[in-house]
Amino acid sequence: MNKKMKQLSLVSALALLLAGPALSEVSGPYQIGLSMYSLRQLFKSGELHAHDYPDFAKDTFGITKIDVWEGGFPEGWKKDPEFLPGLKNRADAAGSEIFLVMAGIVNATPAGDEALRKNGLKFKRFVDQAVTLGAPFVRVFVKADNEVDEAEAIRRAVVALTGLTEYAQSKDVTIVIEPTSGSRKGSGAFLAALAKTMDHSHCKLMPDFGKMIKSDIYQGTQDMMPYTVSVSAKGHDFKDDGSQKDFDYPRLMKLIRDAGFTGIVSIEYEGKNLGPVEGVKAMKKLLEAGNL
């Protein structure tokens, strides 16, 4: 098949995948949400303002469960005391829920416990954001130390997370840990062991398929599910038949269903062969097909 024919084949497959009403409702065990990061190109170009995001997600995709990300906020938002309340008001008016605030990496590598605690408490401001926005979750990564044994790496991560988790609990917010790139920190088994050791009602997990791509995505997801309260459905590029290039989505969705998960599976599209809107729609079709 020549290059032109391949392109036509891909277009045809994706046309079928995207067919159907944008506001279709599909019943099933989990809910479909949207990560703000999926639309980063629209926020960066100025085509979409953060305050319009709840309406855009609902009107374009039929999605009312959304997360937020500081990278999608306009420049200077921190100096505007009305920005976050305004975003909450717009979400409420759209009938949408901001379910999660995305934060960054908690560094759990220092040897000293005081430094570890301080590294975790730096993220208190994201908990405060979540309170303002009515979001039950704050997502963090954990930078675990690959130079020490697993028990010590877990101990350091627990120290780094405990103060932050207790602060979150006092605000009725839950910290959720997502894998990040790297051997130990990208391991679902390691994060499951960390969550088990933490044994805290306000510190849970959030599998991200793409962050486990250098390990066993499927085993890692299964390991994390007993401690999981939200799932990030990463999406890369699509193959000619409309399936995902890097992930076996039917297998992943079966793992999630079999675990009895009933929370939000949030679309996080990072592909290049579709634009952000088309990519999210294609990802939604995959999740709808897996939610039966």
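Odds and ends about this structure:
- Of the residues making up the range 241-275, those that are touching an Asp or Glu at 6+ places or on another chain (Cβ under 9 Å) and basic (Lys, Arg) number 2.
- Number of positions in the range 92-142 that are within 15 Å of Thr174 (Cα to Cα) and out of contact with any strand residue (DSSP E or B) (no Cβ under 9 Å at 6 or more places or on another chain): 5
- Among the residues of the range 151-160, the ones that are open to solvent by less than 10 Å² (accessible area, probe 1.4 Å) and of a type in the set (Asp, Glu) come to 0 in all.
- The one condition from (1) in contact with a Cys (Cβ under 9 Å, 6 or more places away or on another chain); (2) open to solvent by 40 Å² or more (accessible area, probe 1.4 Å) that Ala195 does not meet is (2).
- Qualifying residues in the range 96-119 (those that are buried (at least 18 other Cβ atoms within 10 Å of the Cβ) and without any contact (Cβ under 8 Å) to a residue 40 or more places away in the chain) - the one farthest from Thr64 (Cα to Cα): Ala103
- Among the residues of the range 158-190, those identified as of a type in the set (A, V, I, L, M) and modelled with pLDDT of 95 or more are Val158, Val159, Ala160, Leu161, Leu164, Ala168, Val173, Ile175, Val176, Ile177.
- Some residue of the range 161-184 being more than 30 Å from Pro54 (Cβ to Cβ), open to solvent by less than 30 Å² (accessible area, probe 1.4 Å), part of a loop (DSSP other than H, G, I, E, B) and touching a Lys or Arg at 6+ places or on another chain (Cβ under 8 Å): no
- Filter result for the condition that a residue is open to solvent by 50 Å² or more (accessible area, probe 1.4 Å), modelled with pLDDT of 95 or more and farther than 19 Å from Gly275 by Cα, over Asp59, Asp80, Asp67: Asp80
- Positions within the range 120-135 being outside any helix (DSSP H, G or I) and crowded, with 19+ Cβ neighbours inside 10 Å, in sequence order: Phe123, Ala135
- Residue match in the range 96-112 (condition: part of a helix (DSSP H, G or I) and farther than 28 Å from Phe56 by Cα): no
- Residues of the range 276-292 that are in a loop (DSSP other than H, G, I, E, B) and open to solvent by 30 Å² or more (accessible area, probe 1.4 Å): Leu292 alone.
The values are calculated or read from the model by the stated rules, or taken from the named source; none is laboratory data. Being a predicted model, the structure only gives us computed values, none of them experimental. Using ideal geometry, Cβ is built from the backbone for each residue, glycine included, and neighbour counts are taken over all protein chains shown. These area figures cover heavy atoms from the full protein model, side chains too; ligands, DNA and RNA do not enter into them. Shrake-Rupley method; radii C 1.70, N 1.55, O 1.52, S 1.80 Å.
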